[in-house]
Amino acid sequence: MKLCRFKTYDAQPRIGLIVDSDELFDLTPAGVTSLSTFLEESDFLRQLEKLAATALPRHPLAAVQVITPVERQEVWAAGVTYLRSKKARMDESDFSASAYDRVYDAERPELFFKSLPEKVVSPDEPVGIRKDARWNVPEPELALVIDSKGQIAGYTVGNDMSSRDIEGENSLYLPQAKVYDRSCSVGPFVTVGVTEAEVRNWTIKLVIERHGQICFEGETSPGQLKRTFDSLVSFLFRSQMFPNGVVLLTGTGIIPSDEFTLQPGDAVRIHISGVGTLANEVVEV
Ligand code: DO4
Ligand code: MG
C-alpha cells in the first residue's frame, strides 16, 4: 500500500491512499490529517485496510498536486553504503580516499544531517546546483521513513543532490557539498507493509534528460546496500531522539561517470520499483 500527501484546490495538505496507478482515496475526512502522526500508530496497517473498504472521496492522481511526504521530520543521510559510492569518493579525492575506504568497512556508518523538513523539495519542484560548484550530481537513494520509536514505517525516494568538487577538495567541506538550497528532494509516495527482504529486490533507476534527450541513465538495487536498514537506524538513534520521526536516505549506488555534471534545465527522474518516480528539474541556486 502507498500513501502520500497532496493538495487540491483548497491548498491545505491532505493525506491520500493510492488505490491504483491513477487514483487516490482522500483519508482526511476519516480523520487522518498528518502522515507522520498516522504512521506512529502501531496498528496503522490494519486501519488502512479498513479505510480502503470505506466510502471516501476519490481523486484522479493527475488532478492533484502530490507534495513531499516529509512533514516535521529532519532528513538525515548515510554515505558510502554501496561499493560504487566508495569507489567514486576515492577517485574524486586524494585527500580523503582512505577515510572513504575505512568507513565502507567500519562498524559505524557515515551518517550526516541533510535537511530541515521545511527545506525539502517536493516532486516536480526544482532541485538546486550550487553557483560556486562545477561538478554536480543527483544521488538517487532509497529513503526510510522512521517513526519516533525508531521503527521503519515505510519507504520512499530521496535525491541527495551533491557537489562532488567541493566534497572531493576536503572532507571538512561535506556540509557545503550536501546542504544548500534545494539540495534534498523526497517523494512522491510512502510504501508501507513491505519487508526489508522485499525492498532489497526492488530496482532503483536514474534517468537524466537534457534538451529532451537522455544524457545519463543507470540502475542499481537496494540489494547492493552493504548494511542492513536496522543497523543504519540503530546508529542514527544512538544518543539522539527524533520526536517527530526522521527520514533517512540510505546512500547512492548510481554515480554518473566523472565527466558528467548537471546543468540548469536538466530533468532528473529517480524511479524505485516499489514506490514510484521522483521527478525534478535542475536550477542554479
Ligand atoms: O561522504 C560522502 C557522502 C556519500 C554519499 O552521500 C553517498 O554515498 O550517498
Ligand atoms: Mg548520498
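Here is the P(r) of segment 2-67: all C-alpha pair distances, binned every 10 Å from 0, give 21, 59, 19, 0 in whole percents.
Amide H contacts under 5 Å for V121: C184, S185, V186, restricted to partners 5 or more places along the chain or on a different chain, H placed in the peptide plane at 1.01 Å from N. Compute the separation of the alpha-carbon centres of segment 67-96 and segment 199-232 and state it in Å as a whole number. Comparing the Cα centres of segment 67-96 and segment 199-232, I get a distance of 13 Å. Distance between the 7 Å Cα→Cβ label points at R227 and D20: 4.1 nm. Modelled spin-label separation between R72 and E118, with each label point placed 7 Å from Cα along the Cα-to-Cβ direction: 1.3 nm.
As a calculated quantity, the FRET efficiency between Q12 and R58 at R0 = 22 Å, using C-beta atoms, amounts to about 0.80. Taking 0.36 nm per residue of sequence separation and removing the Cα-Cα distance, the R108/S234 pair yields an extension gain of 44.3 nm. My understanding is that a pair violates if its Cα-Cα distance is over 27 Å; which of K119/K149; K119/K226; K2/K119 do that in this structure? Result: K119/K226 exceed 27 Å. The stretch between D181 and I214, if pulled fully straight at 0.36 nm per residue, gains 9.3 nm over its current Cα-Cα span. Pairwise Cα distances in the chain exceed 29 Å for 30 percent of all pairs.
Relative to the longest principal axis of the Cα atoms of the chain, helix 83-92 runs at roughly 40 degrees. Between A267 and Q65, how high is the FRET efficiency from 1/(1 + (r/R0)^6) when r is the Cβ-Cβ distance and R₀ = 22 Å? Nearest 0.05. According to the calculation, E is roughly 0.75. Here's how it looks for E110: its modeled amide H is under 5 Å from those of G79, which are all 5 or more places away or on a different chain. The 3J(HN,Hα) values that the Karplus relation (6.51, -1.76, 1.60; θ = phi - 60°) gives for segment 94-109 are, in residue order, 5, 4, 10, 3, 6, 5, 5, 4, 5, 5, 4, 9, 5, 5, 7, x Hz. Gly and Pro appear as x.
No lab work stands behind these numbers, since they all come straight from the coordinates. All figures in this text were calculated on a predicted structure; none of them were measured in a lab. When we count neighbours, we look across all protein chains shown, and the Cβ atoms used for this are built from the backbone with ideal geometry, even at glycine.
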